[in-house]
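Notes for the one structure printed next.
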Amino acid sequence: MVGALALALSDAVLQGAQDEAPEPGPAAAAITLLGHEPGMTIERLRRALRLSHPGAVRLIDRLVAEGVVERRPSERDRRAVALYLTGGGERNCAAILAVRQQRIAHALAALEPAERETLGRLTGKLLKSLVHDLDQAYSVCRLCDPGVCTDCPVAAALDESV
């Protein structure tokens, strides 16, 4: 049942997020990751989305052509390119996060407040046990909204592993 629930919720969130992105596939996750961490490199984005380097470059090329992402020289590494959302990209990001929140709220509406609180604690515990490195953390949190995640169990798991 947990597997079915995870798939049902994941499908609802991914479909809604992709509907708000300029294209289906990993574009929504790329946009939300760049909204969460402006200046991310293609390499970090590639690893978070589990794409090949050429696949990530093609994705960014398309998002640049759509006017939602821009490339800038990295301030940390002159060899790297930093990725930032444009104004249009920020609007896409807000729409993706809004539909994500709506889909999750719809699913959780079946629970009483105390049940949601219990589910939140259990979910945090499970997430902490599943995330072991930074690449995995970025992958798990690729559609997260840092504005509502006030006590991130993924960040806590990373802090404990250091």
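Quick look at the numbers
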{"quantity": "Top positive-direction residue, dipole computed over the chain with Cβ charges, set 21, 102, 49", "calculated": "49"}
{"quantity": "Ranking of 86, 32 by count of other Cβ atoms within 10 Å, fewest first", "calculated": "86, 32"}
{"quantity": "Degrees, to the nearest 10: 53-65 long Cα axis against longest axis of the chain", "calculated": "80 degrees"}
{"quantity": "Given charges at beta-carbon only (K, R positive; D, E negative), |dipole| of region 79-132 in Debye", "calculated": "260 debye"}
{"quantity": "Backbone N under 14 Å from the residue 90 label point (7 Å along Cα→Cβ), restricted to region 54-80", "calculated": "68-70"}
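No value in this document is a laboratory result; all are computed from the given coordinates. Keep in mind that what you see is a predicted model, and the values were worked out from it rather than measured. Here the Cβ is made from the backbone with ideal geometry for all residues, glycine too, and neighbour counts use every protein chain on show.
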